[in-house]
């Protein structure tokens, strides 16, 4: 235990998505974790997929840090708790270093996190130095640790990249192009670590490669050391609105978009969590409420369409007036029909009328908030499908701080005790609003749980 909440801490960022941030962050975490050090990794911004790899690499839960979605106090409390119990904190950035509001750079500045810039150096020489200089100096005073080249062609290429830097001390090394530690992707991002039998072998290969670089050879006490203080006003404990209630949670490859912080919040509200796998043919557990998280129902549509016993159990659950909250992929599974990218139609669970169709381009992306009675629940949206339904829209989400046109924002459908939306909620942003999702009270209305 570190009583002063001080430890080595860095933020792994890049000039754009696809540069290799997750590979480097995971490799750094795995390298130190297998040497017996206690490592905690966080992901800047909302993300379900990168944390799978980061958690496997570090051996610890991975939470999101977002100055808007979490709020500064929540971010500060999570960093303080991690620093008090571990040797190294790694935060993986989101998109490019300065992309988004708030950005990874905003987080680095707010908490003093020194930036390790990862740059895909393929087909690049002197421009590597210009990119590194721009990332370091675009915003004066940005904490800086150095730059690491990714997908380097060889020793000669690495030498050219190092020479391009104005300050040789900024050079943290280069990683070669290596299939052994490539992290595969699909339309929503990285393939989940749990879906690959060789996931740990890939992480070990990445850690081995990083161990040959100046970054990998740097002693822990030579990395930037930071002290994280608790927020001046501690968060009030959650009122146990769900005490004595069991919340069933679908969790498998089709329903895998689950923030561990959301599970923690449900437990803090007093709920007992009962997990089940629709893909494995599990029966719906005895429960008072149900959560169908997002995920990849489109990749498992045929199997889900055959889950007729579960479909009937869900219908009985809803008919009994028991709450059901379905997010994104969970909502997709509740419609009559899902049309996959190849045009195939699959009959699904029919709790909501209409059809969902997959597209090749994003249909929704970005931060969103939902007014639930007197409370505001923050989160985001990210989906490649759209739905057509005659069912009326009960509520709509809104972009943060925006006055938006009528009919925009993500729809929230309410049908009896069923509440469903493309909106992914960050439960800790409003425990009271979260409780409303899992209680039988009407979702609309100003009263508290």
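The values are calculated or read from the model by the stated rules, or taken from the named source; none is laboratory data. No experiment lies behind these values; they were computed from the predicted model shown. Because the Cβ atoms are built from the backbone with ideal geometry, glycine has one as well, and the counts that use them run over all protein chains shown.
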On the given criteria, is residue 133 surrounded by fewer than 19 Cβ atoms within 10 Å (Cβ to Cβ) and either at pLDDT 95 or above or assigned by TED's automatic domain parsing to the domain that holds residue 43 (or both)? yes
Is one or more of the residues making up the stretch 55-65 in contact with a strand residue (DSSP E or B) (Cβ under 9 Å, 6 or more places away or on another chain), farther than 21 Å from residue 230 by Cβ and buried (at least 24 other Cβ atoms within 10 Å of the Cβ)? yes
Scanning the stretch 254-285 residue by residue, those outside any loop (DSSP other than H, G, I, E, B), surrounded by fewer than 18 Cβ atoms within 10 Å (Cβ to Cβ) and in contact with a strand residue (DSSP E or B) (Cβ under 7 Å, 6 or more places away or on another chain) turn out to be 260, 267, 272, 273, 274, 275
With the condition kept exactly as written, say whether any residue in the stretch 387-399 is surrounded by fewer than 23 Cβ atoms within 10 Å (Cβ to Cβ), in contact with a helix residue (DSSP H, G or I) (Cβ under 9 Å, 6 or more places away or on another chain) and modelled with pLDDT under 95. yes
